[in-house]
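What follows is a single structure, written as structure tokens, with notes after it.
The values are calculated or read from the model by the stated rules, or taken from the named source; none is laboratory data. Here the structure is a predicted model, which is why all the values come from computation and not from measurement. Using ideal geometry, Cβ is built from the backbone for each residue, glycine included, and neighbour counts are taken over all protein chains shown.
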Ligand code: DC
């Protein structure tokens with residue numbers, strides 16, 4: 001059984017995907033971490049992100065290893081595990097979104113994701129898990145929330161980490177990222193037609209996970225009866 005969980009930044013999709021993986025004891029592949037790891041490597045090599053191309057990204061891929069496990073996705077660069085915090089910044093998120101506009105990268109990394117998961121069970125989280133990576137997945141969820149609420153959540157997280165940023169600034173970045181992800185020429189970000197949409201705008205994380213698990217268990221029961 002493959003379960004895809006797609007959605008925009010700040011929708012709560014990671015909390016839900018991780019929670020489903022833990023509850024069902026199946027591996028969790030957070031695809032965004034591969035984009036973030038490459039974005040991070042580009043940032044530390046001081047590449048001009050606006051001009052970045054496949055030829056700059058391809059050699060970096062050889063240094064990357066992704067390991068899906070129950071409840072987490074491990075990322076290794078040059079054989080060493082990367083601390084998650086390094087990959088979670090806004091700056092790395094923006095770089096990841098730019099990496100996502102390179103079609104050859106998407107084709108390469110999606111092939112790798114398919115090989116990693118193989119015929120096995122997994123929760124696959126991203127932007128295109130249900131549309132391009134596993135279009136035949138048995139269960140597809142699309143998690144969303146209003147841009148204002150997504151910005152508020154990110155702003156709260158940043159404040160908790162001691163960062164002084166305005167809500168307007170965070171909202172602008174969220175809208176910029178949405179636009180880049182949705183308007184890229186090839187493979188633009190869209191919900192799969194057969195995905196179940198969960199709007200988490202008015203939900204606490206626990207409630208959104210409960211809703212998602214309810215849908216997953218219902219579809220599983222229908223398929224097995
Ligand atoms: O899910 P995330 O916020 O960690 O993703 C960071 C960026 O990576 C996102 O803005 C676009 C890109 N991305 C993508 O294009 N496709 C994916 N499957 C995952 C991430």
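Numbers at a glance
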| item | result |
| --- | --- |
| Pair list, Cβ under 8 Å, 6 or more apart: the range 158-180 residue without any contact (Cβ under 8 Å) to a residue 60 or more places away in the chain and on the phi < 0 side of the Ramachandran plot, other residue surrounded by 11 or more Cβ atoms within 10 Å (Cβ to Cβ) and outside any helix (DSSP H, G or I) | 159/165 |
| Total residues in the range 64-87, condition under 27 Å from residue 170 (Cβ atoms) and surrounded by fewer than 17 Cβ atoms within 10 Å (Cβ to Cβ) | 5 |
| Residue 47 vs. criteria touching a helix residue (DSSP H, G or I) at 6+ places or on another chain (Cβ under 9 Å), assigned to a loop (DSSP other than H, G, I, E, B) and more than 12 Å from the ligand (Cβ to nearest atom) | yes |
| Qualifying residue in the range 176-192 (condition: more than 10 Å from the ligand (Cβ to nearest atom), touching a strand residue (DSSP E or B) at 6+ places or on another chain (Cβ under 7 Å) and modelled with pLDDT of 90 or more) | yes |
| Selection count, the range 26-44, where residues are buried (at least 19 other Cβ atoms within 10 Å of the Cβ) and part of a helix (DSSP H, G or I) | 11 |
| Cβ-Cβ under 7 Å pairs, at least 6 apart or on other chains, the range 112-127 side in contact (Cβ under 8 Å) with a residue 60 or more places away in the chain, far side assigned to a loop (DSSP other than H, G, I, E, B) and within 12 Å of the ligand (Cβ to nearest atom) | 113/31; 124/31; 124/134; 125/31; 126/31; 127/189 |
| Residue within the range 46-59 that is under 15 Å from the mean Cα position of the chain (by Cα) and in contact (Cβ under 8 Å) with a residue 40 or more places away in the chain present | no |
| All helices (runs of 4 or more DSSP H) inside the range 83-146 with 3 or more residues being within 13 Å of the ligand (Cβ to nearest atom) and closer than 23 Å to residue 54 by Cα | 90-99, 103-117 |
| Failed criterion for residue 3 (all others in (1) within 12 Å of the ligand (Cβ to nearest atom); (2) crowded, with 24+ Cβ neighbours inside 10 Å; (3) at negative phi hold) | (1) |
| Contacts under 8 angstrom Cβ, first residue in the range 91-108 being touching a residue at least 40 places away in the same chain (Cβ under 8 Å) and within 19 Å of residue 170 (Cβ to Cβ), partner more than 8 Å from the ligand (Cβ to nearest atom) and not in a helix (DSSP H, G or I), 6 or more apart | 98/52 |
| Given (1) in a helix (DSSP H, G or I); (2) in contact (Cβ under 8 Å) with a residue 60 or more places away in the chain; (3) within 13 Å of the ligand (Cβ to nearest atom); (4) surrounded by fewer than 24 Cβ atoms within 10 Å (Cβ to Cβ), number of the condition residue 23 does not satisfy | (3) |
| Test result for residue 59, in contact with a strand residue (DSSP E or B) (Cβ under 6 Å, 6 or more places away or on another chain) and away from the ligand (no atom under 12 Å from the Cβ) | no |
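Conditions tested, residue by residue: (1) closer than 15 Å to residue 126 by Cα; (2) in contact with a strand residue (DSSP E or B) (Cβ under 9 Å, 6 or more places away or on another chain).
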position	(1), (2)
7	yes, yes
12	yes, yes
41	no, yes
44	no, no
49	no, no
55	no, no
77	no, yes
95	no, no
100	yes, no
